[in-house]
Amino acid sequence: MNVEQLDLAGGGASQAMGQERIGFSLQQINAVDDPAKVLYSECLGRFTEPDGTIRTSEELLAMPEISGVGPAFDRYLLQLALGWLARRPSCALGCNIQASGLVDKHSSATLYALLFKHRAAARRMVLEVTGSVALKAHSAAMLQSARALGYRIAIEAFGTEHATAGTLSSFPVDIVKVDASFVRHCRGDAAPMLRHIIARASRSASIVVIEGIETYEQLDAARIAGATHVQGLLLSEPTLPPVFSEPYRPLVQRGNLLAHLPENRNRLPQSSRRSFKESQRPLRV
């Protein structure tokens, strides 16, 4: 199903995109020891209904009437973010990718085609995998291939049922984001649990982010527990209206989407294999 065919909160998706009613706001990820240092900013999806009501991406994706829009919505926000990065060469962004949208091979291939097209900005983009991350083999392989292009991979909500320690052994990750629930209840006996969760995350990634930091007490708890970075309203409060949007420009895809995946590269002509091999070299930004 194409994003143009979907109905988003009472308005056609293509119309919403053309009218710049889909965009994102930004929330920073800050160093725990020096909050002035920003690692990158996460894109938070925003959808403006025809009557002016602004909804967050979480509200939008929770609506039963737009069930199935997740992968297309993720790709559109990612396409916006990559366009934003192209205009700001000194910045870095993070974008959510719903794990459920990677189950289908065609969706994975479509996402990889977009990432491959914009690989020049790969080292400034973090793909934040959220939701249930019991990925199939082809999904994990696609994320590893994206990482080979230079994209960083983050796991969200670590410590919950959606992201456990077993998840981190499925594929290499660069960043682990610990769920906000652990810092909200880190007083007394809960503090050792936060340290334990961070220690487990640190074995798989050098960057561990605590989400949901809203007080200085929580910031201190994150620092003491060993987190490297934090994210939350205390240090960065995103606006509800989007700070960036633009008219929809559909991804023009020629040929077989699945041919972009490394697992299929031996089926490509020699010239295409040569181009793919060159894309694996370290990129200079």
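The values are calculated or read from the model by the stated rules, or taken from the named source; none is laboratory data. Being a predicted model, the structure only gives us computed values, none of them experimental. Note: ideal-geometry Cβ built from the backbone for every residue, glycine included; neighbour counts use all protein chains shown. Please note that ligands, DNA and RNA were not included when accessible areas were found on the heavy atoms of the full protein model with its side chains. Shrake-Rupley method; radii C 1.70, N 1.55, O 1.52, S 1.80 Å.
Return the residues of the stretch 146-166 that are at pLDDT below 95, farther than 15 Å from Ala227 by Cα and over 16 Å from the mean Cα position of the chain (by Cα); say none if nothing qualifies.
Result: Thr160, Glu161, Thr164, Ala165, Gly166.
Can you tell me which residue is modelled with the highest pLDDT among those in the stretch 175-203 that are surrounded by 13 or more Cβ atoms within 10 Å (Cβ to Cβ) and among the basic types (Lys, Arg)?
Lys177
Could you list, in sequence order, all residues of the stretch 196-235 that are over 10 Å from Val176 (Cβ atoms) and either among the charged types (D, E, K, R) or in contact with a His (Cβ under 7 Å, 6 or more places away or on another chain) (or both)?
Glu211, Glu214, Glu217, Asp220, Arg223
Within the stretch 68-103, how many residues turn out to be farther than 16 Å from Glu128 by Cα, of a type outside the set (A, V, I, L, M) and modelled with pLDDT under 85?
Qualifying residue count, the stretch 68-103: 1.
Tell me yes or no: at least one residue of the stretch 129-141 is at pLDDT 90 or above, open to solvent by less than 40 Å² (accessible area, probe 1.4 Å), outside any helix (DSSP H, G or I) and under 15 Å from Phe171 (Cβ atoms).
yes
Given the residues Asp74, Asp33, which is the only one that is acidic (Asp, Glu), surrounded by fewer than 20 Cβ atoms within 10 Å (Cβ to Cβ) and out of contact with any Asp or Glu (no Cβ under 6 Å at 6 or more places or on another chain)? I'd like the intermediate steps shown before the answer.
Numbers: Asp74 fails: surrounded by fewer than 20 Cβ atoms within 10 Å (Cβ to Cβ).
That would be Asp33, the only listed residue that is acidic (Asp, Glu), surrounded by fewer than 20 Cβ atoms within 10 Å (Cβ to Cβ) and out of contact with any Asp or Glu (no Cβ under 6 Å at 6 or more places or on another chain).
Within the bounds of the stretch 3-20, is there any residue that is touching a strand residue (DSSP E or B) at 6+ places or on another chain (Cβ under 6 Å), open to solvent by 30 Å² or more (accessible area, probe 1.4 Å) and at pLDDT 65 or above?
In the first step, residues of the stretch 3-20 are kept if they are touching a strand residue (DSSP E or B) at 6+ places or on another chain (Cβ under 6 Å); the result is 16, 20.
Retained after the next criterion (residues that are open to solvent by 30 Å² or more (accessible area, probe 1.4 Å)): 20.
When the remaining residues are screened for being at pLDDT 65 or above, the result is 20.
Yes, that holds for at least one residue.
Within the stretch 96-125, count every residue that is surrounded by fewer than 23 Cβ atoms within 10 Å (Cβ to Cβ), of a type in the set (A, V, I, L, M, F, W, C) and not in a helix (DSSP H, G or I).
The qualifying residues number 1.
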